[in-house]
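The values are calculated or read from the model by the stated rules, or taken from the named source; none is laboratory data. Source: prediction; values computed, not measured. Note: ideal-geometry Cβ built from the backbone for every residue, glycine included; neighbour counts use all protein chains shown. Please note that ligands, DNA and RNA were not included when accessible areas were found on the heavy atoms of the full protein model with its side chains. Shrake-Rupley method; radii C 1.70, N 1.55, O 1.52, S 1.80 Å.
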Amino acid sequence: MIIDCHCHAGQGDGFTGPWDSEAGLEKYLVRARRAGIERSVLLAAFHSDYGLANQSVARIVARNPERFYGFAFVHAARDRGRIHRLVQTAVEQYGFVGIKLHRHDARISREVCDAARVFGLPVLYDVMGEVSVAELLARTYPDVNFILPHLGSFADDWAAQLALIDHLARHRNIHTDTAGVRRFDLLEQAVRRAGAHKVLFGSDGPWLHPGLELAKIRALGLGQADERLILGENLLRLIKKPAPRAGRSAASSATLGFAATGYGFID
């Protein structure tokens, strides 16, 4: 089973670029199917109200719970004082299995980490190159698993990515994903030094082609066991889920108020 741990979905409410305006899944799903990707973790696009954005993602997940997982997007500063409530809603009503936040919005806070601890969720935090925070997170919250995507920098910051590899190797609860990592030698080094159990396959879809991102994992030339870890087993371990089974998720159509039929992915 191949699971893409990093895919955005739904509408944002800004017009800076695709990342805060539109994350349609139609082309992504065609490309993912052709690549053999069977399941995806969905994250909202940037939004001024992540409560609304998470509800939109929850509708998509509920339409096909055998295909999607959801992570709750939060803004560490703007949502201060209500993060626990946002995460609780996402977990108990939507069946979400993780937390997402971005340094572009605000730096991660204790409130976010405390919510992750209470609900037993991994945190996908895009640090935008500020990889030194991994040291603080690992030591302060050793019982919370953190995924710092893009090997620490979507901006292709070689120094930041190289530094993150050291954190991956030293800290049990620090992980990364492969989305958008262009320096292949660093990706190879991360797996060699930290181990395949610390790296997750992600595409940053729908904006990056999932088939191209998957090809990087194949090109690593790993043994079957290590490749399986990166392509899905690591994600399942972090979200404390067995291999998915058929059936409805906690985000039922009755709870979310829509007819859960078809693939109407954009609200």
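Assign one of three labels to the stretch 64-143, namely rounded, prolate or oblate, based on the Cα gyration tensor with a ≥ b ≥ c the square roots of its eigenvalues; rounded applies when a/c is under 1.5, prolate when it is not and a/b is larger than b/c, and oblate otherwise. Prolate. Which part of the stretch 106-124 falls in the paramagnetic zone of Q88, meaning amide N under 19 Å from the point 7 Å along Cα-to-beta-carbon? Counting only backbone N, you get 110-122. Given the stretch 1-101 reduced to its alpha-carbon atoms as identical point scatterers, what log10 I(q)/I(0) does the Debye formula return at q = 0.12, 0.16 Å⁻¹? The computed values of log10 I(q)/I(0) come out as -0.37, -0.64. With 10 Å bins from zero, work out the P(r) of the stretch 77-217 over every alpha carbon pair and list the percent per bin. P(r) for the stretch 77-217, in whole percents per bin: 12, 43, 34, 11, 0.
Near L231: Cβ cut-off under 12 Å, other residues only, Lys/Arg at +1 and Asp/Glu at -1. The net charge is -3. Expressed as a whole percent, the accessible area of the stretch 60-132 that falls on carbon and sulfur atoms is 45 (1.4 Å probe). Accessible area per residue for the stretch 119-199 is 37 Å², calculated with a 1.4 Å probe on protein heavy atoms, without ligands, DNA or RNA. Note on A106 and S21: with the Förster distance fixed at 25 Å, the Cβ-Cβ geometry gives a FRET efficiency of about 0.75.
All other residues with a Cβ under 9 Å from the Cβ of D126 taken together, and with Lys, Arg as +1 and Asp, Glu as -1, what is their net charge? My count for the surroundings of D126 gives +2.
Let me know the shape class of the stretch 1-54, please: from the alpha-carbon gyration tensor, a ≥ b ≥ c as square roots of the eigenvalues, rounded when a/c is under 1.5, otherwise prolate if a/b is greater than b/c, or oblate. Judged from the Cα gyration tensor, the stretch 1-54 comes out prolate (a/c at least 1.5, a/b above b/c).
Hey, can you rank 50-57, 12-19 by average C-beta count inside 10 Å, highest first? Spell out each step's value before the answer.
Working: 50-57: 22.0, 12-19: 13.4.
By packing density, highest mean first, the sequence is 50-57, 12-19.
Output the antiparallel fraction of DSSP beta bridges having both residues in the chain, as a percent to the nearest 5. Can you show the working numbers first?
On the way: 2 of 25 bridges.
Bridges in the chain are about 10 percent antiparallel.
Positive-end ranking of S40, A138, A116 along the dipole of the stretch 1-151, with charges on Cβ about the Cα centre, is headed by S40.
Normalised size of the chain, defined as Cα radius of gyration per 2.2 N^0.38 Å with N residues, equals 0.92.
Given a Förster distance of 22 angstrom, what is the FRET efficiency for K240 paired with E66, based on the Cβ-Cβ distance and rounded to 0.05? Walk me through the numbers on the way to the answer.
On the way: r = 18 Å, r/R0 = 0.82.
Between K240 and E66 the formula returns 0.75.
Applying a threshold of 23 Å to the alpha-carbon distances of K100/K240; K216/K241; K27/K198; K198/K240; K27/K241 flags K216/K241; K27/K198; K27/K241 as lying beyond it. Model label points for M1 and R170, set 7 angstrom from Cα along the Cα-to-Cβ axis, are 3.5 nm apart.
Mind checking the dipole of the stretch 88-198: about its Cα centre, +1 per Lys or Arg Cβ, -1 per Asp or Glu Cβ, Debye to the nearest 20? Provide the component values of the computation, followed by the final result.
Working: 13 positive and 14 negative charges, 56 e Å.
The dipole of the stretch 88-198 has a size of about 260 debye.
At q = 0.16, 0.19, 0.22 Å⁻¹ the log10 of I(q)/I(0) for the stretch 59-104 amounts to -0.45, -0.60, -0.75, computed by Debye summation with a single uniform scatterer per C-alpha, solvent ignored.
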